[in-house]
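> My structure is below; once you've seen it, I'll send some questions.
The values are calculated or read from the model by the stated rules, or taken from the named source; none is laboratory data. These numbers were taken from a predicted model, which means no experiment stands behind them. Here the Cβ is made from the backbone with ideal geometry for all residues, glycine too, and neighbour counts use every protein chain on show. In case anyone asks, the SASA skips ligands and DNA or RNA and just uses the protein heavy atoms, side chains included. Shrake-Rupley method; radii C 1.70, N 1.55, O 1.52, S 1.80 Å.
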Amino acid sequence: MATIGQDLFTEGANTALASHTPDVGAGWTEESAQWTVVAAQDNLRHNTTFTYMARKGDDIGDDDMDVSASCKCAQASNRNSGVCGRMTTADFDNAYQAYLQGDDATKVDLFLFSEISGVRVQLATYNADLTADTFATVKLEIRTAAKKVYLDGVERIS
């Protein structure tokens with residue numbers, strides 16, 4: 001597979017995501033303007049307690065794809081961070097979502113959801129038992145017949 005979207009979130013100063021130019025591909029579209037590229041850490045930070053998504057503007061279609069990112073939950077309880085694939089509408093109503101989410105004040109687990117026409121369905125959970133504020137690579141692998149989620153290179157959900 002070719003890499004058609006990539007972003008290392010490097011900036012000279014903190015920048016709103018909508019003003020940030022990615023390393024590869026088109027810019028970002030936000031469900032709500034709640035994202036900042038943090039220059040000192042070369043990462044993307046979500047600014048509120050509400051769940052909002054952001055989408056890179058690359059046309060990657062509905063085909064097989066792998067989407068991955070280094071993610072962390074700054075506070076474990078009720079926070080999440082992850083990736084989406086097959087997001088097909090501008091209103092964020094259709095996608096597969098793989099993300100880390102806190103299960104209490106100190107531990108973080110891995111989830112896989114589908115969202116079709118705005119209806120979210122939990123497909124699987126893995127008790128990752130990660131500590132809050134720890135980076136882990138979340139990879140969502142989408143194929144016609146199967147969806148898999150990897151955590152730090154190890155398949156955890158299929």
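> Counting only heavy atoms of the protein chains, get the accessible area per residue of the range 81-158 (1.4 Å probe) and round it to a whole Å² value.
Value returned for the range 81-158: 49 Å² of accessible area per residue.
> Expected output is a single nm value to one decimal: the length gained when fully extending between A146 and T21, i.e. 0.36 nm times separation in residues minus the C-alpha distance. What is it?
Gain on extension, A146 to T21, equals 41.7 nm.
> A124 to S32: extension gain in nm, 0.36 nm per residue of separation minus the Cα-Cα distance?
30.5 nm
> Another question, if that's okay. I'd like the carbon and sulfur percentage of the solvent accessible area for the range 118-158, probe radius 1.4 Å, heavy atoms only, ligands and nucleic acids excluded.
47
> In addition: Scan around N43 for amide H atoms under 5 Å from its own, H built in the peptide plane at 1.01 Å from N, and keep only partners 5 or more places away or cross-chain.
Distant-sequence amide H within range of N43: V38.
> Here's a follow-up. Residues of the range 127-158 with the amide nitrogen closer than 14 Å to a label point 7 Å from the Cα of S114, along Cα-to-Cβ, please.
142-148, 158
> Here is a follow-up. Which whole-Hz ³J(HN,Hα) couplings does the range 128-141 yield from phi under the Karplus relation 6.51 cos²θ - 1.76 cosθ + 1.60, θ = phi - 60°, glycine and proline marked x?
5, 6, 6, 8, 4, 6, 10, 6, 9, 8, 9, 10, 9, 10
> Mind giving me the nanometre distance, one decimal, between the label points for E11 and D42, set 7 Å out from Cα along Cα→Cβ?
1.6
> Moving on to the next point. From largest accessible area down, sort F111, F92; use a 1.4 Å probe on the protein chains.
Descending accessible area places them as F111, F92.
> Moving on. Once amide H atoms are placed 1.01 Å from N in the peptide plane, what residues at a sequence separation of 5 or more from D103, or on another chain, have their amide H within under 5 Å of its amide H?
V108, D109
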